[in-house]
Structure formats: structure tokens, C-alpha cells
1. Looking at this structure, is Gly17 modelled with pLDDT of 90 or more, surrounded by fewer than 10 Cβ atoms within 10 Å (Cβ to Cβ) and more than 30 Å from Ala107 (Cα to Cα)?
2. Within segment 42-62, can one find any residue that is of a type in the set (A, V, I, L, M, F, W, C), in contact with a helix residue (DSSP H, G or I) (Cβ under 6 Å, 6 or more places away or on another chain) and in a helix (DSSP H, G or I)?
3. If you check Ile48, Ile40, which single one turns out to be β-branched (Val, Ile, Thr), over 30 Å from Ile96 (Cβ atoms) and surrounded by 14 or more Cβ atoms within 10 Å (Cβ to Cβ)?
4. Would you point out the residue of segment 63-99, among those that are of a type in the set (D, E, K, R) and not in a helix (DSSP H, G or I), that is surrounded by the most Cβ atoms within 10 Å (Cβ to Cβ)?
5. What pairs come out if I take residues in segment 46-63 that are at pLDDT below 80 and pair them with residues that are part of a helix (DSSP H, G or I) whose C-beta lies under 6 Å away, six or more apart or interchain?
Amino acid sequence: MTGIVMFVFALFALLLGFPVAFTFGGIALIFGLWAEGMEIFAFMPFRIMSVMENTVLMAVPLFVFMGLVLQKTRLAEQLLEAMARLFGSVRGGLAISTVLVGCLLAASTGVVGASVVAMG
């Protein structure tokens, strides 16, 4: 029942125009304090340390950096322009070239964040 009430409060706050991150974080904090009290903060150092010790997440900033390099050197833009010239005469050519460039960047980077930065 608590999950449904949280969903309703979150939906109401989003409909009022609050930003998504603040809405979800605030509602989780309010309901966490309501359910557990101040003891909810006792687990925070353990959770932060477990995230910081995760070696898999170390590569994510480097992939985002690679996406920024592709953007600043304009390689991603040149690739998109070349695909647009290739598929420009085809109906829906812009959509086809965007999807193909997105696939190529996703395959080369391996992380969605770097592809989003490069395509943005």
C-alpha cells in the first residue's frame, strides 16, 4: 500500500511542475523518514562506500570523456553529415542516418552516456 501512496504523491508533485529528480528524491526521503525514522541515515556511509569501491563504475567517466572528445573534434558531426549525404535522397534519410550514427557510436563507446553526449 505504501508504494501506491508514494506513486500517487509523486504523480501529483510532477503534475504540479516540480523537477523529476527533486520529486523522487524528496518523496523517497519523506517516506523513508516516516517508515524508519532517523535510523535511515545510519546506512548511508555503507551505501556510499559500496558504490565508491565498485570497480566497474570507474570506466564510465572515461567513456563520457571519449564522447566529449568525439564532440569537440567534430568527428561525430562529420559522421552524421556523411550519413546524411548518403541517405539524403531516401525518404526518412535523416532518421536512418541518425539511427546508424547512434548505433556506430554506441558500439564504439559501449556506454549510453558517451553516445548521448556525442549525439547531443
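1. Spelling it out, Gly17 is indeed modelled with pLDDT of 90 or more, surrounded by fewer than 10 Cβ atoms within 10 Å (Cβ to Cβ) and more than 30 Å from Ala107 (Cα to Cα).
2. no
3. Ile40
4. Once the filter is applied, the top-ranked residue is Arg74.
5. Within 6 Å, the pairs are Phe63/Thr109; Phe63/Ala114.
The values are calculated or read from the model by the stated rules, or taken from the named source; none is laboratory data. All values derive from a computational prediction rather than experimental measurement. In this analysis, Cβ positions are derived from the backbone assuming ideal geometry, glycine residues included, and neighbour counts consider all displayed protein chains.
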